[in-house]
1. Please verify whether P43 is assigned to a loop (DSSP other than H, G, I, E, B) and at pLDDT below 85, treating the condition exactly as stated.
2. In the set G168, G131, which member is within 13 Å of A22 (Cβ to Cβ), modelled with pLDDT of 70 or more and in a helix (DSSP H, G or I)?
3. Which pairs do you get when a residue that is in contact (Cβ under 8 Å) with a residue 60 or more places away in the chain, found in the stretch 113-127, comes within reach of a residue that is of a type in the set (F, W, Y), reach meaning Cβ atoms under 7 angstrom, with the pair 6+ apart or on two chains?
4. Here is a list: A79, A69. Which entry is surrounded by 16 or more Cβ atoms within 10 Å (Cβ to Cβ), in contact with a Phe, Trp or Tyr (Cβ under 7 Å, 6 or more places away or on another chain) and without any contact (Cβ under 8 Å) to a residue 60 or more places away in the chain?
5. If you go through the stretch 51-81, how many residues are in contact with a helix residue (DSSP H, G or I) (Cβ under 8 Å, 6 or more places away or on another chain), more than 15 Å from L194 (Cβ to Cβ) and either modelled with pLDDT under 90 or not basic (K, R) (or both)?
6. Can you find a residue that is closer than 18 Å to V167 by Cα and either part of a helix (DSSP H, G or I) or modelled with pLDDT under 90 (or both) anywhere in the stretch 100-110?
7. For the stretch 41-55, give me each residue that is over 22 Å from A181 (Cα atoms) and surrounded by fewer than 16 Cβ atoms within 10 Å (Cβ to Cβ).
8. If you check R9, R38, R58, R32, which single one turns out to be surrounded by fewer than 16 Cβ atoms within 10 Å (Cβ to Cβ) and within 18 Å of V186 (Cβ to Cβ)?
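The values are calculated or read from the model by the stated rules, or taken from the named source; none is laboratory data. Predicted, not measured: the structure shown is a model, and the values here were computed from it. Cβ: placed from backbone, ideal geometry, glycine included. Neighbour counts: every protein chain shown.
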Amino acid sequence: MQNLVDFLRSGGPVMVPIGLSALVGLAWALQRGFALRRGNVSPKGFAVEVLELLKQDRFADAVTLCKKADCAAGVVVEAAVAHRGRSRALIKERVEEIGRQQAASLEGGADVVGTVATVAPLLGLLGTVWGMILTFEVIQEQGMGVMGSLAGGISQALITTMAGLTVGIPAVIAHRAILAAVDRRVLELEDLALQVLDLVAAPEAAHEPQA
């Protein structure tokens, strides 16, 4: 363990922001991963139960179920039920508005992980430049003959590069995974919203051709 600490310290001061970015990225990735679990967006059996209540015109019970579920799917369904009996276009517009808000909420925090994925390698590059500057300073003062004196700057340059990539690559993967999970959850909400819309919208008036 001490060897690892010494190894990280040898990367110089740039290792501090790289380490902090790693902690921030990990915390947000875990938080988003938990928030995007299906049970937190649309609990198991919720869609089946709420659709059955709407088919039976038990709108009050459906709203109660939505409030009890306390999830994105519940918010979308409740918005549709609140405007039941109105035109399909009006309800759809309202549901889409609520849906966009829920989608934004689901995606919240993904940009933090994306920022870490971008910044960490750049910090590693900064450390690389820093290490090379130290190396050239040693060359200027002592010449090329003292290789031991050059090793510190070269080592620092390589360690920060490795550290930045070690943080950045998993962050890129986590960011893509989060966005993919958001897309899946949004599609599930859209599918449920369309089914609810068919049950709560006023029937379209039939237009008979004029003689």
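1. When the stated conditions are applied, P43 does not pass them.
2. Details: G131 fails: within 13 Å of A22 (Cβ to Cβ).
G168 is the lone residue from the list that is within 13 Å of A22 (Cβ to Cβ), modelled with pLDDT of 70 or more and in a helix (DSSP H, G or I).
3. What qualifies is V113/W28.
4. Values: A79 fails: in contact with a Phe, Trp or Tyr (Cβ under 7 Å, 6 or more places away or on another chain).
Checking each option against the conditions leaves just A69.
5. Counting residues in the stretch 51-81 that are in contact with a helix residue (DSSP H, G or I) (Cβ under 8 Å, 6 or more places away or on another chain), more than 15 Å from L194 (Cβ to Cβ) and either modelled with pLDDT under 90 or not basic (K, R) (or both) gives 13.
6. Of the stretch 100-110, the ones closer than 18 Å to V167 by Cα are 109-110.
Of the ones still in play, those that are also either part of a helix (DSSP H, G or I) or modelled with pLDDT under 90 (or both) are 109-110.
Yes: one or more hits.
7. Going through the stretch 41-55, the residues over 22 Å from A181 (Cα atoms) turn out to be 49-55.
E49, E52, K55 - these are the residues of the stretch 41-55 that are over 22 Å from A181 (Cα atoms) and surrounded by fewer than 16 Cβ atoms within 10 Å (Cβ to Cβ).
8. Working: R9 fails: within 18 Å of V186 (Cβ to Cβ); R58 fails: within 18 Å of V186 (Cβ to Cβ); R32 fails: surrounded by fewer than 16 Cβ atoms within 10 Å (Cβ to Cβ).
Of R9, R38, R58, R32, the one residue that is surrounded by fewer than 16 Cβ atoms within 10 Å (Cβ to Cβ) and within 18 Å of V186 (Cβ to Cβ) is R38.
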